[in-house]
1. So what's the gap between the Cα centers of the stretch A:270-296 and the stretch A:1-63, to the nearest angstrom?
2. Under the Karplus relation 6.51 cos²θ - 1.76 cosθ + 1.60, θ = phi - 60°, what is the ordered set of whole-Hz ³J(HN,Hα) values for the stretch B:75-83, x standing for Gly and Pro?
3. For A:Ile130 and A:Phe66, calculate 0.36 nm times their separation in residues minus their Cα-Cα distance, and state this gained length in nm to one decimal.
4. Compute the long axis of helix B:137-149 from its Cα atoms, compare it with the longest principal axis of the Cα atoms of chain B, and write down the angle in degrees, 0 to 90, nearest 10.
5. Rg and Dmax of chain A, Cα atoms, in Å?
6. Looking only at other chains, what is the average number of their beta-carbon atoms within 10 angstrom of each beta-carbon in A:178-188?
7. Would you mind counting up the charge near B:Lys63? Only other residues with Cβ under 11 Å from its Cβ, with Lys and Arg at +1 and Asp and Glu at -1.
8. If I build a Gaussian network model for chain A, linking alpha-carbon pairs within less than 10 angstrom, which residue out of A:Gly243, A:Gly206, A:Gly13 has the largest mean-square fluctuation?
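The values are calculated or read from the model by the stated rules, or taken from the named source; none is laboratory data. For clarity, every value in this text was computed on a predicted model and none was experimentally measured. Using ideal geometry, Cβ is built from the backbone for each residue, glycine included, and neighbour counts are taken over all protein chains shown. Please note that ligands, DNA and RNA were not included when accessible areas were found on the heavy atoms of the full protein model with its side chains. Shrake-Rupley method; radii C 1.70, N 1.55, O 1.52, S 1.80 Å.
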Amino acid sequence: MVIEAVGYTLTIGMRLIVAGIIIGSAYALGALGLTLIWGGARIINYAHGELVMIGAYVSFWLFTAFKVPPPLAIPFAAGVAAVIGLGLYLGTIGRLTRAPEEMESYGLILTFALMILLSNSVAWMFTSDIQVYRWMMVPIDFFAVSTLLNRLMIPIICLPVAGIVLALMNKTWFGRGISLVIDNDQVAGLVGVNVRNAYFGILTIGTITPAIAGLAWSFNYPFSPFIGIEHAILAFVVVILGGLGSPKGSIVGGLLIGIIETTLVYLISPGLRLAIAYSIFILVILLRPSGLFGRK
Amino acid sequence: MLRVEDLYVDRGSINVLHGVSIKVEKGSITCVIGPNGAGKTTLLLSIVGILPPRKGRNIFKGKDITFLPSYKRVEMGMSLVPEGRGLFQGKTVEENLLSGAFRKEARLKCRDNLDRVYSLFPILKERRKQLASSLSGGEQQMLAVARALMSNLDFLMLDEPSLGLAPIIVSKLYDTVKSIREEGVTVLVVEQNVHQILRVADFGYVLENGRIVHADPCDKLIEAPEIKSAYLGL
Ligand SMILES: Nc1ncnc2c1ncn2[C@@H]1O[C@H](COP(=O)(O)OP(=O)(O)O)[C@@H](O)[C@H]1O
Ligand SMILES: [Mg+2]
């Protein structure tokens with residue numbers, strides 16, 4: 001009796017953790033982009049959620065029009081996002097001669113405009129209808145947890161991409177330069193970092209990762225041109241929890257939020273998803289404003 | 001090593017430097033002294049490529065670097081220890097040191113250079129896991145100098161290294177600067193606090209209101225009546 005109950009709780013716990021990691025991996029990858037652009041280029045990217053949305057639509061379109069399986073659509077989603085990143089670069093850092101205070105206001109106006117522009121253009125091209133498409137929707141058992149193969153594809157896509165970004169940041173000189181620019185761009189220039197290139201890298205990686213996260217969402221959950229805001233809010237919470245500008249923090253934070261959210265939604269009610277995220281946000285601000293991995 | 005020719009630099013709408021020319025001989029310690037607001041920091045920021053001049057040229061190792069971006073100047077072997085030290089406050093002592101080896105030529109010698117600066121500044125080794133922001137003023141200054149050494153540089157610039165340090169720490173710092181010079185590094189120091197630097201440096205310039213008003217070997221400068229009354233309080 002007791003053993004059965006313990007066994008049951010363990011299975012439920014296991015299931016919640018696996019489900020949490022599955023969606024958390026997409027939160028993590030998306031937030032990685034936001035934390036880089038916000039912590040690194042000091043631009044609050046209001047179009048963050050729209051990048052997630054764009055990734056979803058690129059994959060959706062390639063799949064429905066040309067039967068391209070989503071993993072093969074990654075380069076296209078990344079390409080579209082990188083063009084947006086280039087636009088952001090040219091509109092902010094590229095225009096200014098030096099690392100600048102004005103960046104914040106340039107960034108604000110530009111990303112806000114981008115947010116409207118992206119969601120409206122997608123609504124114009126694809127209508128504002130809610131879209132769904134099915135890919136790999138087959139039940140499987142994974143570590144005693146029954147799930148769907150398309151769900152499992154979320155971490156299979158997101159975690160390696162996040163891993164590549166982390167490796168790039170920690171193991172290459174280009175990435176180390178980015179991490180120095182995140183700490184202090186003026187000093188980074190003085191030790192020999194090509195600050196402009198680093199900013200270009202920050203904006204490119206920062207726009208590509210949410211788009212790939214969106215691609216991974218797209219064959220699991222319904223989406224419309226206006227889903228951006230919800231993804232943006234969650235990403236903000238993850239960034240604050242992980243520590244602004246910390247790539248590792250956004251990955252750990254994303255997985256944690258995924259697990260907490262899945263658990264509380266299971267225990268209380270699915271209607272509380274965003275309320276839970278906000279509560280975590282407030283708790284972090286009160287208890288540890290610098291986040292898990294924030295050092296400033 | 002370095003020639004600054006007739007340099008005019010503006011900050012915003014203010015003209016700060018009005019035709020400054022200085023020369024730093026290879027292997028020397030050269031200083032530029034002058035009161036607060038004279039334009040000393042502006043001069044160094046222009047040499048390192050952060051403030052582009054309106055007119056004039058900077059020649060480094062025989063090459064015109066006036067329009068070269070900062071990182072390329074670092075690649076050529078110069079390093080500035082900025083006013084207020086300019087450390088990565090959110091990184092540890094060792095991470096700060098390793099950042100000094102960003103220069104391509106220094107990357108491979110990173111480990112050796114790290115051992116070298118740790119033996120030069122044992123305190124930094126003790127503190128290597130601490131955040132730079134947790135060090136005392138003197139330790140931060142040591143760290144800033146040590147980080148510059150990590151770049152395997154041959155031209156070191158120091159912006160008011162004595163600022164906020166006790167005189168005994170300052171003389172220790174200048175002893176280090178002398179031993180760095182013995183290793184073949186050319187040094188340019190700007191200072192407002194001139195007591196010690198004039199005993200350490202070989203050649204000195206006096207910068208006032210954006211113009212060089214004196215240029216002499218330091219042993220002569222120290223005896224000049226104007227310097228004595230204006231800077232040494234004698
Ligand atoms: N960021 C700035 N913007 C505009 N003017 C500045 C700035 N920094 C310094 N200045 C002006 O430039 C002049 C020279 O400053 P600086 O080079 O810092 O002098 P010093 O290092 O000799 O004290 C001063 O008159 C100062 O008011
Ligand atoms: Mg100064």
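1. The stretch A:270-296 and the stretch A:1-63 have Cα centres spaced 15 Å from each other.
2. Listing the rounded values in order: 4, 7, x, 10, 8, 10, 9, x, 4 Hz.
3. Result: 21.0 nm gained on full extension.
4. For helix B:137-149, the angle is close to 90 degrees.
5. Computed over the Cα atoms of chain A, radius of gyration and Dmax are 19.3, 72 Å.
6. On the way: counts 0, 5, 7, 0, 2, 9, 7, 0, 5, 11, 5.
So the per-residue partner count for this stretch is 5.
7. Value of the local net charge: +4.
8. Looking only at A:Gly243, A:Gly206, A:Gly13, the biggest GNM fluctuation is shown by A:Gly13.
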